[in-house]
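Beneath this line is the structure, given in structure tokens, with notes to follow.
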Amino acid sequence: MSEVLQFYLSVAANTIVFVVTIGIVVGYFTNKNEEGHAVGTRSLRYYTTLSNVFSALVCGAFLFVELKNCTLCGVPFPHWLIVLKYISTATVTCTMLTVLFFLGPTQGYGVMLGGTSLFTHLIGPLLAILSFMLLENFDSISIKEAALGLIPTIIYSAVYLSQVIIFQEKDREGKVIKGWEDFYGFNRGGRWYVSLVVMNILYFGLLLVLRLIYNR
């Protein structure tokens, strides 16, 4: 692949991820649902939203450097930005794989891949993966940096489980009135600790696989 084509494809991928994701998130705060209310800050409870916003912001920063220098290969991208692109790509890859192999089978692919979810659960993650792995492969990721990639998911796991287990309160009808509903089903049967360990082990495995592919 020529450097010119590589540059334009990378710019296109980063632009799409940045613009479309920001548009979707803005829509969460402006578009009304069937009850006449915007989803608003409630959307920020979801790992999908947070991981896609993270990816979009990093893609935006990557795009800025690309357009400023009008080239891709040989550009002195800050290593910290490469690491952030790696970690953000891992988070949206986690989102995509969770949907394809867990949420899709348990909650329905129609729901998981319908509307804007098609982009946040599939198209956006794929663009982030392909651009980083195939078009922006000019650095290397260390094991320590791969371990740093665990931080976003560990933090989210702690917040999610505390909201579902510690702070959750229900009324007499079983409706959650405080904390969060267990919308990912990670506390089914009260086995939150299994979900916590398994998800983070699998996520670290994902980080290692992405590192291996990127460092090839």
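I'd like the residue in the stretch 104-117 that is of a type in the set (Gly, Ala, Ser) and assigned to a helix (DSSP H, G or I) and, out of all such residues, is most open to solvent (accessible area, probe 1.4 Å). Quick ask: steps written out before the conclusion?
Let us first name the residues in the stretch 104-117 that are of a type in the set (Gly, Ala, Ser), namely 104, 108, 110, 114-115, 117.
If we keep only those that are assigned to a helix (DSSP H, G or I) too, we end up with 104, 110, 117.
Numbers: Gly104: 3, Gly110: 64, Ser117: 29 Å².
My answer is Gly110.
Please go through the stretch 133-147 and give me each residue that is assigned to a helix (DSSP H, G or I) and at pLDDT 95 or above, ordered by number. Steps first, please.
Start the filter on the stretch 133-147 by keeping residues that are assigned to a helix (DSSP H, G or I), which leaves 133-135, 143-147.
Once the filter is applied, which keeps residues that are assigned to a helix (DSSP H, G or I) and at pLDDT 95 or above, the stretch 133-147 yields Ile143, Lys144, Glu145, Ala146, Ala147.
Taking the stretch 59-80 only, how many residues are modelled with pLDDT of 95 or more and open to solvent by less than 10 Å² (accessible area, probe 1.4 Å)?
Residues that pass the stated criteria total 1.
Of the residues Glu169, Glu181, Glu173, which is exposed (fewer than 14 other Cβ atoms within 10 Å of the Cβ) and in contact with a Gly (Cβ under 7 Å, 6 or more places away or on another chain)? Outline the logic, then answer.
On the way: Glu181 fails: in contact with a Gly (Cβ under 7 Å, 6 or more places away or on another chain); Glu173 fails: in contact with a Gly (Cβ under 7 Å, 6 or more places away or on another chain).
Unique residue meeting the criteria: Glu169.
Among the residues of the stretch 118-130, is any open to solvent by less than 70 Å² (accessible area, probe 1.4 Å), part of a loop (DSSP other than H, G, I, E, B) and either touching a residue at least 12 places away in the same chain (Cβ under 8 Å) or closer than 19 Å to Ile16 by Cα (or both)?
For the stretch 118-130, residues open to solvent by less than 70 Å² (accessible area, probe 1.4 Å), part of a loop (DSSP other than H, G, I, E, B) and either touching a residue at least 12 places away in the same chain (Cβ under 8 Å) or closer than 19 Å to Ile16 by Cα (or both): absent.
Which residue pairs have Cβ atoms closer than 7 Å, lie 6 or more positions apart in sequence or on different chains, and pair a first residue in the stretch 87-103 that is open to solvent by less than 20 Å² (accessible area, probe 1.4 Å) with a second residue that is not in a helix (DSSP H, G or I)?
So the pair list comes out as Ile87/Gly149; Ala90/Gly149.
Would you pick out the residues in the stretch 32-58 that are under 22 Å from Val159 (Cβ atoms), open to solvent by 80 Å² or more (accessible area, probe 1.4 Å) and at pLDDT below 90?
Thr41, Arg42
Scan Leu202, Leu161, Leu210, Leu150 and give me the residue that is without any contact (Cβ under 8 Å) to a residue 60 or more places away in the chain, open to solvent by less than 50 Å² (accessible area, probe 1.4 Å) and under 17 Å from the mean Cα position of the chain (by Cα). First the steps, then the outcome.
Working: Leu202 fails: open to solvent by less than 50 Å² (accessible area, probe 1.4 Å); Leu161 fails: under 17 Å from the mean Cα position of the chain (by Cα); Leu210 fails: without any contact (Cβ under 8 Å) to a residue 60 or more places away in the chain.
It is Leu150.
Can you tell me which of (1) under 17 Å from the mean Cα position of the chain (by Cα); (2) at pLDDT below 80 is the one Arg188 doesn't meet?
Failing condition for Arg188: (1).
Could you please let me know if Phe29 is touching a helix residue (DSSP H, G or I) at 6+ places or on another chain (Cβ under 9 Å), at pLDDT below 90 and of a type outside the set (A, V, I, L, M)? Even if it seems obvious, please write down each step before you answer.
Working: touching a helix residue (DSSP H, G or I) at 6+ places or on another chain (Cβ under 9 Å): yes; at pLDDT below 90: yes; of a type outside the set (A, V, I, L, M): yes.
Against the criterion (touching a helix residue (DSSP H, G or I) at 6+ places or on another chain (Cβ under 9 Å), at pLDDT below 90 and of a type outside the set (A, V, I, L, M)), Phe29 qualifies.
The values are calculated or read from the model by the stated rules, or taken from the named source; none is laboratory data. Since the model is a prediction, treat every value here as computed from it, not as a measurement. All Cβ positions, even for glycine, are placed from backbone atoms using ideal geometry, and neighbour counts span all protein chains on display. What goes into the accessible areas is simple: the full protein's heavy atoms, side chains included, and nothing from ligands, DNA or RNA. Shrake-Rupley method; radii C 1.70, N 1.55, O 1.52, S 1.80 Å.
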